[in-house]
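Participant: First the structure, then my questions, so here it is.
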Amino acid sequence: MDDRELERLFHLYHVPLVRYLTRRLGDRDWAEEVAQETFLRALRQERLTSERSWLFAVATNLVRDEARKDERRRRHLQLLAEEEKDRVVEPVVHDADRAREQALARRAVDALAEKDRLALLMKEEGLSYPEIAEALSLSVGSIGTTLSRARKRLAETYEAMHAEERRAAGGDHA
């Protein structure tokens, strides 16, 4: 692939790819790194068919490859954070309710099966059913069912987590 073609791909797909990866990873910097590696891999290709689905599939595979490394990093950071916990005063969250809702939504998305989570995130980025199917190695006909099931499970999981949070806070006496 030549530089002009890569530049075209970058301008078309960088923002949605980073947005997808940020939602997938929960970390904008890491998302940028994975997107950069994805475009480097595209540069090494002679020709791309189904560009958008190819880019999203490669990015998804890179995330899977990095998951083990990330888990080790996370454990290490968690240990460091626990050591520092007593020494650092946490900043006050100005909009605690909003932050709690966002964290709850993130946990609900993370609780979904990987295929469901990826399908929802890709659809949110505007990928078509054929593009999602290609990126996830599924049939086009199964994408509607996958998305419908994922949305239903997301709503159920979110509501269950929300109810549990209310019970834990003493707000639900049922």
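Participant: Look at the range 96-120 and say how many of its residues are outside any helix (DSSP H, G or I) and surrounded by 15 or more Cβ atoms within 10 Å (Cβ to Cβ).
Facilitator: Selection size over the range 96-120: 1.
Participant: Sticking with this one: Of all residues in the range 124-148, which are within 20 Å of Tyr13 (Cβ to Cβ), touching a Phe, Trp or Tyr at 6+ places or on another chain (Cβ under 9 Å) and surrounded by fewer than 19 Cβ atoms within 10 Å (Cβ to Cβ)?
Facilitator: Result: Glu124, single match.
Participant: Sticking with this structure for a sec: Only residues that are under 24 Å from Ala113 (Cβ atoms) and surrounded by fewer than 20 Cβ atoms within 10 Å (Cβ to Cβ): list them for the range 26-40, please.
Facilitator: Once the filter is applied, which keeps residues that are under 24 Å from Ala113 (Cβ atoms) and surrounded by fewer than 20 Cβ atoms within 10 Å (Cβ to Cβ), the range 26-40 yields Gly26, Asp27, Trp30.
Participant: Sort through Gly141, Gly170 and tell me the only one that's part of a loop (DSSP other than H, G, I, E, B) and farther than 17 Å from Arg117 by Cα.
Facilitator: It is Gly170.
Participant: Something else: Among the residues of the range 41-61, which ones are hydrophobic (A, V, I, L, M, F, W, C) and either within 15 Å of Asp2 (Cα to Cα) or surrounded by fewer than 14 Cβ atoms within 10 Å (Cβ to Cβ) (or both)?
Facilitator: Passing the criteria: Ala42, Leu43, Leu48.
Participant: Please go through (1) at positive phi; (2) in contact with a Pro (Cβ under 9 Å, 6 or more places away or on another chain) for Ser137 and return the number of the only condition it doesn't satisfy.
Facilitator: It is condition (2) that Ser137 fails.
Participant: Name the residues in the range 1-55 that are under 16 Å from the mean Cα position of the chain (by Cα) and of a type in the set (Lys, Arg), would you?
Facilitator: Arg19, Arg23, Arg24, Arg28 - these are the residues of the range 1-55 that are under 16 Å from the mean Cα position of the chain (by Cα) and of a type in the set (Lys, Arg).
Participant: Further question: Give me the pairs, please: first residue somewhere in the range 114-132 and assigned by TED's automatic domain parsing to the domain that holds Arg151, second residue anywhere and in a loop (DSSP other than H, G, I, E, B) and among the small types (Gly, Ala, Ser), beta-carbon distance under 9 Å, and either six or more positions apart or on two chains.
Facilitator: Pro130/Ser50; Glu131/Ser50
The values are calculated or read from the model by the stated rules, or taken from the named source; none is laboratory data. Predicted, not measured: the structure shown is a model, and the values here were computed from it. For neighbour counting, all protein chains shown are included, and Cβ atoms are generated from backbone atoms with ideal geometry for every residue, glycine included.
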